[in-house]
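Take a look at the structure set out below.
The values are calculated or read from the model by the stated rules, or taken from the named source; none is laboratory data. Note that the structure is a prediction, hence the values are computed from the model and not measured. Reconstructed Cβ throughout: ideal geometry from the backbone, glycine too, with neighbour counts over all protein chains shown.
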Amino acid sequence: MRSAATLGGGATSLGAVGTGPARRRWAVVREEASETRSWLYRLVAVVLALAIAAAYLVASVHVPDVLGLVLRTTFATQPGLQELVVLATPFFLTALAVQVPLRVGLWNIGGEGQFFAGAWLATAFAFALPHAPGALLIVGMLLAGAAGGALWVTIPMLAKTFLNVNEIITTLMLNLVVVSWVAYWLTGPWRYASSQGGTIESRFLPVQSHLPLVHLAGGLDSGLLVAVGLTAAVGAVVRYSVLGYRSRVVGSGRDVAAYAGVSVRRTVALSLLVGGALAGVGGVLQLAGNSYQLTPGLSNNTGYLGIAMAVLAGGSVVGVIVMSCLLAVIMSAGQVVQIYGVSSQDVFILIGLLLLMATVAEVVAHYRVVRQPAGGGAAVTAAPGDLGR
């Protein structure tokens, strides 16, 4: 395919199909994809990935109606619904922790570390005020968690804004640091004396610091309401506020943003701090709503999975909600199918397949095949480098 022609509307022809006089009758063009079209392609990719997973489950597990059993256990039982809520709650916020900086062109890979930093500072707050009233303790822990997550991303933020150090490296490396930092407190000042089997964990939080239950399906974690509320607030800020507009301008081009009078440095710093704070709150919700003590197992790769969800959601905050719930369903169903001998690693393979197919769908959404009138328009020979633009 040697020819390329501008077809109008911003679409660029990447090649033609046919020979002789009809050489340019059919062409593959690249164009800007609408949000609806991108979501449609992504939805098709998700359905295909789930169909592949279902076919694999049926083929590998010789149990009659295994799909029905998994679905009923996940959606039609009280423990199943509670597990879905527990899994989905922190996913909302760790996905936003990636998506908010991504709007300005930054990759926050440190959601896992910020998640633990928020949980650690919230634990410190609870142990410092063990007799405080429940409402004060819960609100204080949420604020401490936000501060802890923001504090943990401060060094990468300063390195990026003042020295232009790659934020992917700095945020990722701090994930390793937080593991040792938390382990020190769990084996020292906060060690739970009754721990058995070599496990390390903190003392239990004060009872009044536990998040109350919403009386649905026997009692569901109210942390989900906090997570959904924060997600909605972030969506409103991104769409309607001056800060959201500035983020979009910086994300579209920093030179353009600087020319328009937008402070690139301030916007970059704020986006990273907000992302870290959201991940920190996610750690608090998991701590006070499910675990009730700080442990290395508080996160089931929650911060890293947030990266996948942010990519799958694209730039949509509604997409974060959808993908977080979908991932919670996959993880919960994955725990159920382990009863039938399916490896836990297969669940992460499915997540990887889902991410791969959604990424491919996002790329394919920018291409379409169009038919040109015979002899319509002059062919323009493009250099090889132009075809990749």
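Data for the structure
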{"quantity": "Selection count, the range 90-106, where residues are of a type in the set (S, T, N, Q) and over 12 Å from the mean Cα position of the chain (by Cα)", "calculated": "0"}
{"quantity": "Residue in the range 75-98 that is part of a helix (DSSP H, G or I) and under 15 Å from Ile168 (Cα atoms) present", "calculated": "yes"}
{"quantity": "Considering residues of the range 31-82 that are touching a residue at least 60 places away in the same chain (Cβ under 8 Å) and exposed (fewer than 13 other Cβ atoms within 10 Å of the Cβ) only, the residue nearest to Leu353 (Cα to Cα)", "calculated": "Glu35"}
{"quantity": "Among the residues listed as Ala135, Ala183, Ala146, Ala159, the single one being buried (at least 18 other Cβ atoms within 10 Å of the Cβ) and in a helix (DSSP H, G or I)", "calculated": "Ala146"}
{"quantity": "Val281 in contact with a helix residue (DSSP H, G or I) (Cβ under 9 Å, 6 or more places away or on another chain), under 16 Å from Gly229 (Cα atoms) and buried (at least 24 other Cβ atoms within 10 Å of the Cβ)", "calculated": "yes"}
{"quantity": "Ile200 being in a helix (DSSP H, G or I) and either within 26 Å of Arg266 (Cβ to Cβ) or modelled with pLDDT under 95 (or both)", "calculated": "no"}
{"quantity": "Single unsatisfied condition, Ile109 versus (1) of a type in the set (Val, Ile, Thr); (2) in a helix (DSSP H, G or I); (3) under 17 Å from the mean Cα position of the chain (by Cα); (4) farther than 14 Å from Leu287 by Cβ", "calculated": "(2)"}
{"quantity": "One residue from Val311, Val320 being within 16 Å of Ala233 (Cβ to Cβ), assigned by TED's automatic domain parsing to the domain that holds Thr170 and under 10 Å from the mean Cα position of the chain (by Cα)", "calculated": "Val320"}
{"quantity": "Every residue from the range 86-109 that is farther than 30 Å from Thr161 by Cβ and buried (at least 23 other Cβ atoms within 10 Å of the Cβ)", "calculated": "Leu87, Ala88, Thr89"}
{"quantity": "Any hit, the range 118-134, residues being in the same structural domain as Ile307 (by TED's automatic domain parsing), at pLDDT 95 or above and under 20 Å from the mean Cα position of the chain (by Cα)", "calculated": "yes"}
{"quantity": "Where Val250 falls short, out of the listed (1) under 19 Å from Leu158 (Cα atoms); (2) within 16 Å of the chain's Cα centre (by Cα); (3) surrounded by 24 or more Cβ atoms within 10 Å (Cβ to Cβ)", "calculated": "(2)"}
{"quantity": "Failed criterion for Gly376 (all others in (1) farther than 30 Å from Ala59 by Cβ; (2) modelled with pLDDT of 85 or more hold)", "calculated": "(2)"}
{"quantity": "Condition check for Ile349: touching a residue at least 24 places away in the same chain (Cβ under 8 Å) and of a type in the set (A, V, I, L, M)", "calculated": "no"}
{"quantity": "Criterion (closer than 30 Å to Pro130 by Cα and touching a strand residue (DSSP E or B) at 6+ places or on another chain (Cβ under 6 Å)) met by exactly one of Gly289, Gly275, Gly297", "calculated": "Gly289"}
{"quantity": "Residues that are free of Cβ contacts under 8 Å to residues at least 60 places away in the same chain and either among the polar types (S, T, N, Q) or surrounded by fewer than 12 Cβ atoms within 10 Å (Cβ to Cβ) (or both), drawn from the range 186-215", "calculated": "Thr187, Gly188, Pro189, Ala193, Ser194, Ser195, Gln196, Gly197, Gly198, Val207, His215"}
